1. Does at least one position in region 178-197 carry a residue that is within 30 Å of ASN53 (Cβ to Cβ), at pLDDT 85 or above, in contact with a helix residue (DSSP H, G or I) (Cβ under 7 Å, 6 or more places away or on another chain) and open to solvent by 20 Å² or more (accessible area, probe 1.4 Å)?
2. What pairs come out if I take residues in region 202-226 that are within 24 Å of SER23 (Cα to Cα) and assigned to a strand (DSSP E or B) and pair them with residues that are charged (D, E, K, R) and open to solvent by less than 70 Å² (accessible area, probe 1.4 Å) whose C-beta lies under 8 Å away, six or more apart or interchain?
3. When the residues of region 20-38 are narrowed to those that are assigned to a loop (DSSP other than H, G, I, E, B) and farther than 18 Å from ILE158 by Cβ, which ends up modelled with the highest pLDDT?
4. Quick check on this structure: which one of SER170, SER152 is at pLDDT below 85, in contact with an Asp or Glu (Cβ under 7 Å, 6 or more places away or on another chain) and not in a strand (DSSP E or B)?
5. Just the residues that are more than 14 Å from SER13 (Cα to Cα), open to solvent by 40 Å² or more (accessible area, probe 1.4 Å) and out of contact with any Leu (no Cβ under 6 Å at 6 or more places or on another chain), please, taken from region 64-83.
6. Quickly run through region 50-63 and pick out the residues that are surrounded by fewer than 16 Cβ atoms within 10 Å (Cβ to Cβ) and either of a type outside the set (A, V, I, L, M, F, W, C) or free of Cβ contacts under 8 Å to residues at least 12 places away in the same chain (or both).
7. Quick test of your reading of the structure: ILE124 fulfils all but one of (1) outside any helix (DSSP H, G or I); (2) at pLDDT 85 or above; (3) in contact with a Leu (Cβ under 6 Å, 6 or more places away or on another chain). Name the failing condition by number.
8. Condition test on GLU41, is it open to solvent by 30 Å² or more (accessible area, probe 1.4 Å), in a helix (DSSP H, G or I) and modelled with pLDDT of 85 or more?
Amino acid sequence: MVKIMINDLDVKSYFDSKAKKRSFSELSLNKQSNKPLVDSENEGYDYEDLVQNTLKLNSFKMVDAVFINDDKIYFFEFKGGFIQQINTNNFDHTKWRCVFENRYCNDGAKYFKENQELKISQLIDSVKGKLLETYSIFNRIIIPKCAKANKSYKVYYIAVINEAEAPISSIENNLNDLADLKPNQNSPRQRLTESLKKYDVKDSTEQPMFFDCIEVWNNYEFSLKI
């Protein structure tokens, strides 16, 4: 929990004065595909806009959105690219036959799989990098400017990915939890969750060293929760 005892300016008021509010559909828009990661007209703060107005710099890689609800501050990073049309479960080896020699091309299939893995790794690294930069800027620069005396906030970092296009994925995860079954360790979501665990730690006084809570949601879960 971030304990704030500096001045009398409320965090929400500071965000209202320094950052634009946009719908989450707009904040999660993929500029390449021109499609939003989440479909929601609920609004959040454009955090990059706030940082640019505060620091007058645009070189930092910030999360996409901030949502403030009473004493809770949610930082949302919307990251697409986790759905792979071809994966280890549906990889069709018969498609990788050389048209000239009519034999299976091991090298081509291998490089394709490695490229898929590399893309997921790059997405995960991006999410981790934004966690660190967001935490640093918020705690060292933003908080000293907008703290209300004796008020505490719980601060969350949520990575929202396009793991699911339908609720069936969430249902499956919930059933696994009830049955005490382990999720697919090789799924992009599980890999990202495991990678972020290193930042979900506490100091010697049992205070979080980074965020109070670090989670991974899919786009369908975001629509349910926000």
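1. Looking for residues that are within 30 Å of ASN53 (Cβ to Cβ), at pLDDT 85 or above, in contact with a helix residue (DSSP H, G or I) (Cβ under 7 Å, 6 or more places away or on another chain) and open to solvent by 20 Å² or more (accessible area, probe 1.4 Å), one finds none in region 178-197, hence no.
2. VAL216/ARG189; ASN218/GLU163; ASN218/ARG189
3. Going through the qualifying residues, I end up with LYS20.
4. Only one candidate qualifies: SER170.
5. LYS72, ILE83
6. Selection gives ASN53, LYS56, LEU57, ASN58, SER59, LYS61.
7. With respect to (1) outside any helix (DSSP H, G or I); (2) at pLDDT 85 or above; (3) in contact with a Leu (Cβ under 6 Å, 6 or more places away or on another chain), ILE124 is out only on (1).
8. No, not satisfied.
The values are calculated or read from the model by the stated rules, or taken from the named source; none is laboratory data. The shown structure was predicted, so the numbers you read here are calculated from the model rather than taken from an experiment. Note: ideal-geometry Cβ built from the backbone for every residue, glycine included; neighbour counts use all protein chains shown. Side chains are part of the model used for accessible areas, which takes the heavy atoms of the whole protein and leaves out ligands, DNA and RNA. Shrake-Rupley method; radii C 1.70, N 1.55, O 1.52, S 1.80 Å.
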